[in-house]
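Okay, structure first, notes after.
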Ligand code: AMP
């Protein structure tokens, strides 16, 4: 690799292909993954699977830079396919297993995919292969020469606020972030990560897989998250990564006794409620380490490994990563920041400043001890009667009220106010809407107080535990219009 754009992190790393850096750090015969389908896969076997897949795709005519779209259930082969792409210089394009054929056809066309990898044959005009077909190639594949700035993957953003965009991540983005994470979280070859996250998203795919590969650690690989299965295998693990929902589901099962041997529990992808953090610590003695990142930037900040892990904060900027808050908005610069949105220069220019800082769209500030606190999303802003309302502020007040599990505050169309502040509250009790509104009036300026509070058993969430506010806005769009 010749182009060292970020000398400080890449200094001394010499490789013709990103894979070399990983292979160098791992022992061929050592265990890479124990799978819940009963297989044990060594590092050597893992690289061979990737090699066979790279040869099959190359024989089928794929060239460096071609996009390989993938919609498959979680498996070791799905992980290996990413490395097949890296080895051959293709661009890996993972797609959520929940996407419908209509959504898939948008991605295949938008990305002009060379091939579409599936579990079972499908009807599509794009050449497609089943993941089994791919494993039949020769495994003596010679890696392509790549550069740090080549695109390794395009990850379409989860699109909770608008049309999904393809974030182009380079080899440098992924390598620098993996190095920063193993340094921060102190991963070594003695670690065993229990992996229960999906692998079409940056969390399970890059954070989970690359910290392990880069440190020569191993995985206990679960195809789906199941609290019982996690508890069954936890005695053999040293570390665990989850979205906040994983922790709330594990809560009734964890004790000091069954987690004593664990080195680290990590949470991210959505806010971990301070209450969950505290309850987990009370039950187990472990303070969950919360970190913050996004598809476009990989990981940005993390609570410290040594030192206080503060509930409700996401800690300090990672190694090589600069974070600043401009007018309350979080901006990020460093070798982790993506190259841009696929064929969308306009959106790239809108979100990336000339100085290289990427505007995350998250709002936040550094607290008195320098920990980064996320206070909401800029796009979440509600404008009601000309006043700006930041939902997170109201959610924090509501969440502290008795009987409330959690809340989501949204703006709904209203003919006088433009948008009316509305709270959707998850509870397993019967709560009094009017009494709550009256109580909120004593705590919040009148324009911030929800006009209505709707009660539900659970808030709608996607697989990464993010509350689907767009869905709530859609469901309740007519609430004030019919009155
Ligand atoms: P995604 O691109 O799907 O990974 O989503 C990234 C977004 O998830 C970020 O911009 C944040 O809004 C949110 N996010 C990720 N980690 C955290 C966290 N620890 N606390 C709060 N929000 C988070």
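Things worth noting here:
- When every residue of segment 228-246 is checked against the conditions, at least one turns out to be modelled with pLDDT under 95, within 20 Å of residue 464 (Cα to Cα), within 16 Å of the ligand (Cβ to nearest atom) and surrounded by 22 or more Cβ atoms within 10 Å (Cβ to Cβ).
- Residue list for segment 138-180, restricted to those being more than 16 Å from the ligand (Cβ to nearest atom), under 27 Å from residue 99 (Cβ atoms) and part of a loop (DSSP other than H, G, I, E, B): 150
- Looking across segment 402-424, the residues that are touching a residue at least 12 places away in the same chain (Cβ under 8 Å) and more than 13 Å from residue 392 (Cα to Cα) come down to 403, 404, 405, 412, 413, 414, 415, 416, 417, 418, 419, 420.
- Residues that are more than 16 Å from the ligand (Cβ to nearest atom), surrounded by 19 or more Cβ atoms within 10 Å (Cβ to Cβ) and not in a loop (DSSP other than H, G, I, E, B), drawn from segment 251-273: 259
- Selection count, segment 88-105, where residues are at pLDDT 95 or above and in a helix (DSSP H, G or I): 1
- For segment 342-363, a tally of residues being in contact with a strand residue (DSSP E or B) (Cβ under 6 Å, 6 or more places away or on another chain) and on the phi < 0 side of the Ramachandran plot returns 11.
- Test: residue in segment 358-378 that is under 30 Å from residue 441 (Cα atoms), more than 12 Å from the ligand (Cβ to nearest atom) and in a loop (DSSP other than H, G, I, E, B): yes
- Residue satisfying condition, being in contact (Cβ under 8 Å) with a residue 60 or more places away in the chain and in contact with a strand residue (DSSP E or B) (Cβ under 8 Å, 6 or more places away or on another chain), within set 129, 116: 129
- For segment 320-361, a residue qualifies if it is in contact (Cβ under 8 Å) with a residue 40 or more places away in the chain, buried (at least 19 other Cβ atoms within 10 Å of the Cβ) and under 26 Å from residue 277 (Cβ atoms), and the qualifying residues are 321, 323, 330, 336, 360.
- Against the test of being touching a residue at least 40 places away in the same chain (Cβ under 8 Å), part of a helix (DSSP H, G or I), farther than 19 Å from residue 81 by Cβ and touching a helix residue (DSSP H, G or I) at 6+ places or on another chain (Cβ under 9 Å), the options 234, 194 yield a single qualifying residue, 234.
- Among the numbered conditions (1) within 14 Å of the ligand (Cβ to nearest atom); (2) in a helix (DSSP H, G or I), the only one that residue 133 does not meet is (1).
- Only residues that are within 25 Å of residue 170 (Cα to Cα) and either without any contact (Cβ under 8 Å) to a residue 24 or more places away in the chain or more than 12 Å from the ligand (Cβ to nearest atom) (or both) were counted in segment 297-317, giving 2.
- Restricting the search to strands (runs of 3 or more DSSP E) fully inside segment 4-87 and requiring at least 3 residues that are modelled with pLDDT of 95 or more and more than 15 Å from residue 212 (Cβ to Cβ) gives 67-71.
- Only residues that are surrounded by 16 or more Cβ atoms within 10 Å (Cβ to Cβ) and more than 20 Å from residue 403 (Cα to Cα) were counted in segment 432-460, giving 1.
- Listed by first and then second residue, the pairs with beta-carbon distance under 8 Å, at least 6 apart or on different chains, first residue in segment 362-374 and loosely packed, with under 12 Cβ neighbours inside 10 Å, second at pLDDT 95 or above and assigned to a strand (DSSP E or B), are 370/316.
- Taking the listed residues 173, 149, the one that is in contact with a helix residue (DSSP H, G or I) (Cβ under 7 Å, 6 or more places away or on another chain) and either buried (at least 17 other Cβ atoms within 10 Å of the Cβ) or at pLDDT below 95 (or both) is 149, with no other qualifying.
- Of all residues making up segment 274-296, the number that are closer than 12 Å to residue 314 by Cβ and near the ligand (Cβ under 7 Å from one of its atoms): 5
The values are calculated or read from the model by the stated rules, or taken from the named source; none is laboratory data. All values reported here derive from a predicted model rather than from experimental measurement. All Cβ positions, even for glycine, are placed from backbone atoms using ideal geometry, and neighbour counts span all protein chains on display.
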